[in-house]
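All remarks here apply to the structure that follows.
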Amino acid sequence: MRTRGLFVTGTDTGVGKTRVAVALIRALRAQGLRVAAMKPVAAGHAPGELNEDVVALLQVANVDADVCDVNPYAFVEPIAPHIAAELAGVRIELDVVAAAYSRLAAAADVVVVEGAGGWRVPLTEHEDMADLAQRLGLPVVLVVGLRLGCLNHALLTAESVAHRRLPWAGWVGNHIEPAMPQAPENVAALHARLPGPCLGVQSFLNPDISPTDVPQWLTLPQGLVS
C-alpha cells in the first residue's frame, strides 16, 4: 500500500500515542489535508461505549468514516489485545484491518493510524503490532515515553523498525514523569542516537487531561507525508 499516512507506535503502553496522534492530525489538517484517523485495535471501554482513544481521534479527524473502519477491533477489557481477543472469542485478522484502512484511505489525503501498546505487542499467537505496521507499509512515528529506561526502549524499537525495512517518519518525546532525573540529557541522547527528525517534545501534563484539550504543540514540516 502506497497511500499517504503515518503509523504511530510507542516505546510502551501509556506513553502518549493518542496525544501525539491527535497533534499529528491537527498539524496535517493545518496543511489543508483531509485526514482520517484509525485505531485498528483498542482494548478498554465501558460496554456499549467507544474506547476513549477512538473518541479523541474521531473528534479531530476531518474525514467522515464508519467507526467500524476507524476501530475494527474493540475489546472491553483493558488488557493485551491477543488476550482480550481470545476472551471475546475473536481472532484479529490483518486482512480485516487492511481492508478498513483501504476504505479510509480512499476518502482521505492522509490516514493517521495509532497502534495499541508498544511496537511488538502481540495480536495473535504469531503476529504482532509490527506485523500490522508492515502490512500497511506506512512511515513510523515513534512516541518515546520520557522516563527512566526510555533510552533502551527507544533504541531497541528503532532498531526493530529498521529491521522491518519500514519507512521512518521521526520520533516524538513525551514527558510522562514529572520529575525525571536528567531529563534534558536523556532527550539529548535520543537526538544523538535515534534517526531524525524529532517532531517535538511535550512537557509533562496531567494524564487526566484529554488529548483533545491539549493546546496544539506539533508543527510538522511540509512533505513529511508523501
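The values are calculated or read from the model by the stated rules, or taken from the named source; none is laboratory data. Because the structure is a prediction, the values reported are computed rather than measured. Here the Cβ positions follow ideal geometry from the backbone for every residue, glycine too, while neighbour counts run over all protein chains shown. Ligands, DNA and RNA are excluded from the accessible area calculation, which covers all protein heavy atoms including side chains. Shrake-Rupley method; radii C 1.70, N 1.55, O 1.52, S 1.80 Å.
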Rounded to the nearest whole Å², what accessible area per residue is found for the chain with the 1.4 Å probe? 46 Å²
As a check on your grasp of the helix formula, calculate [θ] at 222 nm for the chain: sum -39500 (n - 2.57) over DSSP H runs of n ≥ 4, divide by the residue count, round to the nearest 500. -10500 deg cm²/dmol
Give the separation of the Cα centroids, the range 156-226 to the range 1-77, in Å. 17 Å
If I stretch the segment between residue 95 and residue 107 completely, what's the gain in nm (0.36 nm per residue apart, minus their alpha carbon distance), one decimal? 2.4 nm
Please report the antiparallel percentage of DSSP beta bridges with both residues in the range 72-222, rounded to the nearest 5. 10 percent
Report the normalised scattering of the chain as log10 I(q)/I(0) at q = 0.11, 0.16 Å⁻¹, calculated by the Debye formula with identical scatterers on the alpha carbons. -0.49, -1.11
Of all accessible surface on the range 1-156 at a 1.4 Å probe, what whole percent is carbon and sulfur? 50 percent
Label points 7 Å out from Cα along the Cβ direction at residue 127 and residue 222: separation in nm? 3.8 nm
Computed over the range 13-148: relative contact order in percent, which uses C-alpha pairs under 8 Å that are six or more apart: 32 percent
Kindly rank 76-82, 163-169, 115-121, 203-209 from highest to lowest mean number of other beta carbons found within 10 Å of each residue. 115-121, 76-82, 163-169, 203-209
DSSP beta bridges in the range 19-159 [antiparallel fraction, %, rounded to 5]: 10 percent
Where Rh is the Kirkwood radius over the Cα pairs of the range 80-144, the temperature 37 °C and the viscosity 0.692 mPa s, what D in µm²/s does Stokes-Einstein return? 258 µm²/s
dims of the range 41-97, Cα set, principal axes, largest to smallest, nearest Å -> 33, 26, 17
Taking all protein chains together and a probe of 1.4 Å, list 180, 38 from the most accessible to the least accessible. 180, 38
Can you give the accessible area of residue 102, probe radius 1.4 Å, in Å² rounded to 10? 50 Å²
